[in-house]
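K.L.:
Handing you this structure, nothing more for now.
Every read-out reported here was derived from the displayed coordinates using simple, explicitly stated rules and does not represent laboratory data. The shown structure was predicted, so the numbers you read here are calculated from the model rather than taken from an experiment. Note that we place each Cβ from the backbone using ideal geometry, even for glycine, and neighbour counts take in every protein chain shown.
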Amino acid sequence: MNNYLAVDIGASSGRLVSATLEGEQIHLQELHRFNNSFTERNGHDYWNIDNLFDEIIQGLRKAKQNGIDSCTLGIDTWAVDYVLLNKEGRRIHEVYAYRDARTLHASDKLHQLMSREDVYEKTGIQELNFNTLYQLFVHDREQLAHADKILMVPENLMRIYSLCSSFGAINFRSWLSLDAFWAPSCRSLFSNTIFQTASSFLCLRTILPRQLLVFHHRGRNPGPILVAEHGRYWVWNVPTP
């Protein structure tokens with residue numbers, strides 16, 4: 001029997017679901033459900049990312065209690081919001097929520113430097129003031145410059161493998177820290193013609209390509225990925241489909 005765990009988090013709630021594959025049938029069971037919301041602090045709206053980590057750990061404990069000792073795990077959340085990490089993997093700043101008012105006029109300011117037509121031609125994405133492009137445009141330049149990595153929320157939560165030893169590790173057969181194709185495209189940072197981050201957008205805030213993860217099409221070999229098992233980590237070369 002193969003076990004799969006999926007963490008699905010939205011703006012108001014999240015859940016951890018197990019799926020078992022028996023022959024050609026998939027059986028689903030919700031193991032853990034929790035609330036999620038952003039809070040206002042010092043005039044801005046932020047997500048409680050630490051609480052999301054804690055809730056995922058609780059869900060994994062329940063999976064362990066349900067006899068799941070080996071599984072594949074995937075994490076999915078809402079799009080557009082991001083996390084700034086330094087070289088030690090620590091957050092540089094709290095994680096802004098997409099409803100934060102700082103982006104209210106961000107699109108108008110950005111389009112003084114790059115036209116709406118140019119942005120739409122490159123991305124094909126509806127203009128929404130909370131798209132990642134506009135969020136980064138109004139983010140503090142010094143914080144962006146000090147960021148070693150700019151991760152989307154699910155990419156950041158995938159780092160949870162380092163906490164597994166706190167509850168007795170599940171053997172994670174694969175733990176992929178790769179965005180689905182839709183996630184980068186929702187940022188309005190992704191070119192729909194060359195299928196990579198549009199460098200002209202990054203220049204607007206002097207963001208370096210190395211600060212972002214590499215994106216891959218579904219079905220393409222992503223190359224080496226990091227795999228975690230029993231607190232040990234190694235690089236695994238994904239076989240070509």
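K.L.:
With the structure loaded, tell me whether TYR96 is surrounded by 21 or more Cβ atoms within 10 Å (Cβ to Cβ) and not acidic (Asp, Glu) or whether it fails that test.
P.N.:
Numbers: surrounded by 21 or more Cβ atoms within 10 Å (Cβ to Cβ): yes; not acidic (Asp, Glu): yes.
Yes: the conditions hold for TYR96.
K.L.:
Within the range 119-146, work out how many residues are charged (D, E, K, R) and surrounded by 14 or more Cβ atoms within 10 Å (Cβ to Cβ).
P.N.:
Of the residues in the range 119-146, 2 are charged (D, E, K, R) and surrounded by 14 or more Cβ atoms within 10 Å (Cβ to Cβ).
K.L.:
Tell me which of these LEU128 doesn't satisfy, since it passes every other one: (1) out of contact with any strand residue (DSSP E or B) (no Cβ under 8 Å at 6 or more places or on another chain); (2) over 18 Å from ALA11 (Cα atoms); (3) among the aliphatic types (A, V, I, L, M).
P.N.:
(2)
K.L.:
Among the residues of the range 1-30, write down those that are among the hydrophobic types (A, V, I, L, M, F, W, C) and over 22 Å from ASN156 (Cβ atoms).
P.N.:
The answer is MET1, ALA19, LEU21, ILE26, LEU28.
K.L.:
Right, next: Examine the range 25-40 for a residue that is touching a residue at least 24 places away in the same chain (Cβ under 8 Å), more than 21 Å from LEU85 (Cα to Cα) and outside any strand (DSSP E or B), and state whether such a residue exists.
P.N.:
yes
K.L.:
In addition: Within the range 56-79, take every residue that is touching a Lys or Arg at 6+ places or on another chain (Cβ under 9 Å) and not hydrophobic (A, V, I, L, M, F, W, C) and give me the one that is farthest from ASP8 (Cα to Cα).
P.N.:
So, considering only residues that are touching a Lys or Arg at 6+ places or on another chain (Cβ under 9 Å) and not hydrophobic (A, V, I, L, M, F, W, C), the one farthest from ASP8 (Cα to Cα) is SER70.
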